Structures are given as structure tokens and as C-alpha cells.
1. Restricting to bridges with both residues inside the chain, how much of the DSSP beta-bridge set is antiparallel, in percent to the nearest 5?
2. If you rank Lys130, Lys68 by how much accessible surface each has, with a 1.4 Å probe, what is the order from largest down?
3. Could you grab the relative contact order for segment 5-123? Cα pairs under 8 Å, six or more apart, rounded to a whole percent.
4. Could you give the angle, 0 to 90 degrees to the nearest 10, between helix 89-98's Cα long axis and the longest principal axis of the Cα atoms of the chain?
5. Can you tell me which of 366-375, 133-142 comes out highest on packing, and rank the rest after it, using the mean Cβ neighbours within 10 Å?
6. Going by amide H atoms built from the backbone, whose H comes under 5 Å of the H on Ala308, apart from near neighbours?
7. Under 5 Å between amide H atoms, partner at least 5 residues away or on a different chain: which partners does Leu83 have, H built in plane at 1.01 Å?
8. Just order 233-240, 50-57 by mean Cβ neighbour count inside 10 Å, highest at the front, would you?
Amino acid sequence: MPEKKILIVDADVASRNFIARTLADQKYEVIQAGSGKEGLISAWRDHPDLAIIDPTLADLKGEEIAHKLKQDLRTSAMPLIALSSDPGMVRIKSCLDAGFSEYITKSGQAVTLLNETITRLFGITEAVTKQGGLLMVFLSAKGGTGTSSMCANLAMSISQNQPEARVAVVDMVLPIGSIAPIVGYEGPQNIVTITDMHPGETTPEFFRTELPDMHIWGFNLLAGSPDPESSNRLKVGRIWDIVKALKESYDYVLIDIGRSLSKITLPLIQHADVIALIISTDISTVSLTRTLWKYLKGKGVGASSVYAILNRAVGLEGLSKVDAEKMIEIPINATMPYLSSNFAFANSHHQPFILKFPMDTATIVFQDTAREMTALARKLRAE
Ligand SMILES: Nc1ncnc2c1ncn2[C@@H]1O[C@H](COP(=O)(O)OP(=O)(O)OP(=O)(O)O)[C@@H](O)[C@H]1O
Ligand SMILES: [Mg+2]
């Protein structure tokens with residue numbers, strides 16, 4: 001891969017040199033400019049892949065620079081990061097509105113944040129999002145709605161519907177993952193140990209052969225963080241790299257995000273082929289889902305990629321499908337019946353629901369839902 005070029009625009013020489021050194025250490029080619037005007041000239045002349053700009057420059061405001069760069073075809077696609085000594089909300093908002101992808105304040109955390117942001121922005125390319133296996137993320141607005149059980153059981157159903165397909169499940173719920181206890185995996189490997197590995201080691205081949213095979217579940221598992229302590233050590237800058245490698249070696253990559261919506265998981269949601277939105281029938285979950293859906297729409301997530309599942313995890317009472325659709329303003333694609341203690345029973349025996357209770361009507365719902373979700377993902381990818 002050719003070296004990526006990063007432009008730093010900052011009037012403060014010491015700050016510029018400091019950032020330049022840490023970036024050069026990571027094998028980026030670094031170019032520098034000391035004013036807004038110089039920065040614009042360099043951006044158009046030197047074709048950097050990304051620019052880090054102090055928005056508080058004397059000659060041109062960062063917002064103006066961003067506006068000019070976004071208007072010009074040569075630089076309209078170049079990601080911009082604001083690195084600023086101004087922590088004010090007003091400034092942050094005006095910069096993000098002007099086209100900066102991220103706003104980082106100069107603090108002790110700045111270098112770490114900057115590195116994570118750069119890796120993420122470079123990681124999310126067309127090649128990653130539109131190629132390889134189909135990416136499905138499972139998310140909910142509230143805990144306990146059944147997201148992890150749905151993710152594991154639907155992955156199992158996909159694999160049962162398409163025995164030839166390679167299916168991977170990734171648990172990204174922080175601070176503690178819960179797919180491993182559902183499927184009965186007790187090994188040492190998890191998302192924290194994997195992100196800790198050298199980038200050269202986490203190849204598609206590695207994921208093909210080294211992710212534990214969950215046998216009756218029909219998928220390979222990348223387990224979640226085992227405890228909050230470990231989740232603090234998660235190297236989030238590596239996530240896209242790993243998702244990319246997984247997509248190269250699996251036909252379906254299902255990621256359980258649960259309610260862990262964050263800077264790390266938002267890009268996964270934005271670039272997923274299908275978003276499985278799990279909703280339970282209690283009013284508080286439904287109203288939180290409405291807020292979540294509004295937020296995601298504002299972040300460019302299209303309704304066509306959402307597959308909403310109403311899961312009657314809380315019993316027979318609660319809102320109807322029609323009520324929920326009206327409140328959230330999204331069509332509900334599937335309704336999972338209340339499975340009383342059977343679901344918890346299957347989970348605690350580490351067994352897929354449809355193998356434990358093949359005659360239950362929910363088994364058909366699982367199979368149909370899996371079929372519809374894969375068909376939707378394939379259809380959207382082909383568009
Ligand atoms: N349709 C259902 N009928 C009955 N019980 C259900 C149903 N869906 C989920 N459950 C039960 O609800 C509990 C929570 O499920 P699960 O762990 O999958 O939810 P979650 O949204 O992933 O929760 P968390 O926020 O802890 O990650 C489990 O005991 C599960 O068996
Ligand atoms: Mg969960």
C-alpha cells in the first residue's frame with residue numbers, strides 16, 4: 001500500500017512538529033503549512049489523503065477553509081480533522097457543520113484520539129464497505145431487548161438456510177460481550193486480544209482458520225470483551241482493519257453492537273449492508289428507539305437498510321406492531337413471539353432455539369427472518 005499523505009495546518013510550529021513526528025513514526029508522509037492560505041495551496045497542489053487543521057488560524061477561519069476544500073472537486077472527498085485549542089460547543093458545531101469529520105481538542109488525549117480517528121477514516125474506504133461478505137449489525141436502543149440472542153440465532157438460521165455460506169459473528173458490545181456465554185465459548189480469544197495483535201497477523205487467512213467454530217451454531221465467533229477492565233484496553237483504531245479482513249474471509253459478518261452506540265460503532269452502522277434494529281414492546285424501549293432512529297437518520301442512515309424486528313421479550317402485554325410503527329416512524333419487518341422461558345432455557349444450554357424447539361412457530365419466524373435479511377442485504381449490495 002502506498003504511503004498515505006497527511007497535511008497539518010497550524011500556526012503553532014511546536015504543535016505542528018509534535019504531531020508531524022508522531023505521524024511520521026507511523027509511516028505517514030507528512031506535509032505542513034503555517035497559515036490557512038498556505039494550507040489551501042498545499043491541499044490543492046500536494047494532494048494529501050487527509051488534513052488536520054487548527055480552526056483558530058489568524059488569516060482564515062477553519063470553517064472557511066473546510067468550506068473551500070469541500071467545494072473544490074480536488075479536495076471534496078478528503079477527510080478533515082479539526083485539532084483545536086478551543087473546546088467550546090459553538091466552535092465544535094460550526095466546524096462539524098462546515099465539513100470537518102471530527103473535532104479534537106488539544107489535550108493530553110489528543111494524540112491517541114488523533115491516531116484512532118486517522119486509522120478509522122483511512123479504514124473506511126469504498127473497497128471495505130462495498131466488497132466482500134455482507135455486513136449486518138444488530139443494535140437496540142435499550143438493554144435486554146434480545147439483541148444478542150437474535151444475533152446468534154439468526155446467524156445460526158442463515159447458516160442453516162445456506163450451509164455452503166461462511167458466517168462469522170462478532171461481539172462488539174462494551175464493556176462486556178454476551179454471545180460467548182450464549183453459544184458456550186470459553187476460550188481465551190476475544191475482540192480485545194485480537195485488536196492487540198500486530199496488524200500484519202490479523203489477515204483474512206488468520207480469521208478463516210483461527211476463529212473458533214461454534215459447531216451446532218454453524219458460525220465462527222469473534223467473542224466480545226470478557227470484562228470492563230479488558231474493554232478499556234480495546235484498541236478501537238484496529239476495528240475497521242479487522243472488519244475488512246473478516247469480510248474478505250466470510251460471506252456474512254454479523255456484528256452485535258447492542259446498545260453500545262458510540263464513535264466506534266456509528267461508522268459500522270453507517271456502512272452496514274443491513275441494520276437489524278431490535279425493538280421490544282415496552283413503551284420505554286419504543287420511545288428510546290424513536291430517538292435512536294432519528295439520530296441515525298441524521299447521520300445518513302437510510303430507512304431501506306434497516307430491518308426492524310419487534311421482539312416480544314417482555315411478555316404478551318405491551319405495544320402492538322402498529323403502535324410501535326407509528327411511534328418510531330419505521331416499518332417493522334418481523335415480529336418475534338414471546339418465547340416464555342424457552343428462550344432463556346435454550347440460551348442457558350448454549351443451544352440454538354430452532355434446534356432445541358424445532359416445532360415451535362418461532363422456529364419458522366427465525367428461518368423466514370434470516371432469509372429476508374440475507375435477501376435484503378444482497379439486493380442492496382447489487383444496487
Ligand atoms: N422473544 C423472547 N421471548 C422470551 N424471552 C426472550 C425473548 N427474546 C429475548 N429473551 C430473553 O431476554 C433476555 C435478554 O436477551 P439478550 O441477552 O439477547 O438481550 P440483549 O438485548 O442482548 O441484552 P443486553 O443489553 O444485556 O446485551 C434473555 O434471557 C433472553 O432469553
Ligand atoms: Mg446483548
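1. 0 percent
2. From most accessible down to least: Lys130, Lys68.
3. Contact order relative to length: 22 percent.
4. Helix 89-98 and the main axis of the chain meet at about 90 degrees.
5. Working: 366-375: 18.4, 133-142: 24.8.
Packing order, densest peptide first, comes out as 133-142, 366-375.
6. HN-HN under 5 Å from Ala308: Leu277, Asn333, Ala334.
7. Hits under the 5 Å cutoff: Ile53, Asp54, Ile104.
8. Going from most to least packed, we get 50-57, 233-240.
The values are calculated or read from the model by the stated rules, or taken from the named source; none is laboratory data. For clarity, every value in this text was computed on a predicted model and none was experimentally measured. Using ideal geometry, Cβ is built from the backbone for each residue, glycine included, and neighbour counts are taken over all protein chains shown. Protein only, heavy atoms only, side chains kept; ligands, DNA and RNA dropped before computing areas. Shrake-Rupley method; radii C 1.70, N 1.55, O 1.52, S 1.80 Å.
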